[in-house]
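So the structure is just underneath, and the comments pick up after that.
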2 protein chains.
Amino acid sequence: MSPVHRTEQRTAPGDRALDPLSFTLDRTSPVPLYYQFAQQLEAAIERGTLAPGNLLGNEVDLSARLGLSRPTVRQAIQSLVDKGLLVRRRGVGTQVVHSKVRRPLELSSLYDDLESAGQEPTTRVLRNERIPAPAEVAAALGIAEGAEVTVLERLRCTHGRPVAFLCNYLSASLLELPTQRLESTSLYRMMRSAGIVLHSARQSIGARSATAGEATLLEEKEGAALLTMVRTAYDVTGRPVEYGSHVYRASLYAFEFQLLVRP
Amino acid sequence: MSPVHRTEQRTAPGDRALDPLSFTLDRTSPVPLYYQFAQQLEAAIERGTLAPGNLLGNEVDLSARLGLSRPTVRQAIQSLVDKGLLVRRRGVGTQVVHSKVRRPLELSSLYDDLESAGQEPTTRVLRNERIPAPAEVAAALGIAEGAEVTVLERLRCTHGRPVAFLCNYLSASLLELPTQRLESTSLYRMMRSAGIVLHSARQSIGARSATAGEATLLEEKEGAALLTMVRTAYDVTGRPVEYGSHVYRASLYAFEFQLLVRP
DNA sequence: TAGTGGTCTAGACCACCGC
DNA sequence: CGGTGGTCTAGACCACTAT
């Protein structure tokens, strides 16, 4: 278990751990072959059948064994390299990465984050109306000042305790936002259901002291440290579709994520 | 300038904006062809020669015009899709994304961030010694408790004002860290120079109120909101190489970044 | 239906690594 | 030196989109 070992045991037993692995490819399936292979490879890594540090075996043999062409095998491997699960080195081979690289940063929904953490999130909609866009919002959404926008104010709780106060703006024409559905799912899920495909988002994460109003709402003391996030999300055409300003109780929430170093 | 337009003007003049563009490929260069093409494509987008919304023209024609095979052209295009500059849609084509997608989140160095923002960062090294690893540090770095580590405490300033207090731990055997060099460059640059190739990092960003000591050091009032970041960085073999705990003045600093939505 | 990107093949040569 | 990944080619067929 020494963490100092490097790349010994090139030919040690169990090195070509890929042999005992059985990969089943279904050529009649609509799922691309490279994707089928990538998923099975990822599953093998996930459950430890392919241990960290193990070499994958060279791509030529691999493709022969799988009955695939080398480019197809490479496409599968590359997708796992992009996820940070594998590392390729010329003249050496492809290895499983040691660390528990799991989630890279993604455009996350607080609701989804809490739900997947088993936190049973609930939402109280404090405000849901259509108003003329204030200047700041109009600028962020790239619309005319005074154009109709939907403003949402929500209080997100887990186990009955408030975690965050969320304020969001969307062009009113984009989407219907019934209060009832907002209380049982996430805004991003509703946008997705409405066919809005998100492409990117610009975020800024900061901190500040709670105002009296925020303190009351979030059950903190006035002046308590709060985490803040301001975000503009864009769809595939590059059009801004959502602008949000959120505050989180720093005592209950932090942003956690994994980064990959760009090569 | 209406931000509401979608994908009109399929056949409008100036649509095949790629025609007037001149791409020069050097087959004798060691730089891969797909990379040469990708760079010139990115430059054309950057300077607006390829305007947002423009279609690229189909890949078959494109490869013929460039004298490249289609997979090579696709590799170039794919790299820009991954960067968020282009969007591909089946049956439609490849378009330049509207928004000013620029920097995705990367494993950033505060020093480099400030420097590239023209903030003239300076560093005061408050502590630079070798100590037995405390339990928390040993756990993060995957070494034995009590093993020798280098501990760094630095104050980062811009324009003479303190911005952040940085505390970092590294295995002592990894790297020499002369105080003088630490005051004129970033820790990550020094690690890179020493041949340490970073692969990924796990970060947690939160907030809390300043202690009396932090307040004095950062020239804030006691209880002021501070941004906090805790980070463990890993090299290509998955070994933890650095553990850091940083606090930033929320009044002077925020984390800004662009995210791409995973497809 | 015509045009687009998505997938896949079966080769080839080169650059880098470790021995 | 042999083995590895990195790059590149010239085709092919399919799935999806728009008209």
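Each copy carries a label point for B:Gln119 at 7 Å from Cα toward Cβ; from one copy, the others' points are 2.8 nm away, ordered from shortest. Ellipticity at 222 nm from helices only: DSSP H runs of n ≥ 4 in chain A, each -39500 (n - 2.57), divided by the residue count, give -7000 deg cm²/dmol. Full extension of the segment from A:Ser204 to A:Asp82, taken as 0.36 nm per residue of separation minus the current Cα-Cα distance, would add 41.4 nm. If R0 is 41 Å, the Cβ-Cβ spacing of B:Lys221 and B:Arg47 corresponds to a FRET efficiency of close to 0.30. Between A:Arg130 and B:Asn128, the modelled label-to-label distance comes to 6.3 nm, taking each label 7 Å out from Cα in the direction of the beta carbon. Legend: mean number of C-beta atoms from other chains within 10 angstrom of residue C-beta atoms, peptide A:219-232, equals 3.
Considering every Cα-Cα pair within chain B, what fraction, in whole percent, is farther apart than 30 Å? So the portion of pairs separated by more than 30 Å is 47 percent. Applying 1/(1 + (r/R0)^6) with r as the Cβ-Cβ distance of B:Asp26 and A:Val92 and R0 = 22 angstrom yields a FRET efficiency of 0.15. Where the centroid of each part is defined by its Cα atoms, how far is segment B:44-59 from segment A:154-190 in Å? Each part reduced to its Cα centre gives a spacing of 37 Å.
Charging the Cβ of each Asp and Glu at -1 and of each Lys and Arg at +1, and nothing else, the dipole of segment A:143-263 about its Cα centre rounds to 400 debye. Label zone (A:Thr211, point 7 Å along Cα-to-C-beta; backbone nitrogen cut-off 19 Å) within segment A:141-183: A:151-156, A:163-169. A Cα-only calculation for the protein assembly as shown places Rg and Dmax at 25.3, 70 Å.
Within 13 Å, Cβ to Cβ, of A:Pro132, how many net charges do the neighbouring residues add up to if Lys/Arg are +1 and Asp/Glu are -1?
Neighbourhood net charge equals -3.
Taken residue by residue and averaged, Cβ atoms of other chains lying within 10 Å of the Cβ of A:170-183 number 0. With its label point defined 7 Å out from Cα along the Cα-to-Cβ axis, A:Ala194 lies at 5.2 nm from the matching points of the other copies, in increasing order. Placing pseudo-labels 7 Å out from each Cα toward the beta carbon at A:Arg262 and A:Glu120 gives an inter-label distance of 4.3 nm. Using a 7 Å projection from Cα along Cα-to-Cβ, the label point at B:Glu256 is separated from the same position in the remaining copies by 2.9 nm, smallest value first.
Each label was represented as a point 7 Å from its Cα along the Cα-to-Cβ direction; for A:Ala144 and A:Arg161 these points are 4.8 nm apart.
Bear in mind that the values in this text are calculations on the coordinates, not laboratory data. All values derive from a computational prediction rather than experimental measurement. Please note: Cβ atoms are built from the backbone with ideal geometry, for glycine as well, and neighbour counts cover all protein chains shown.
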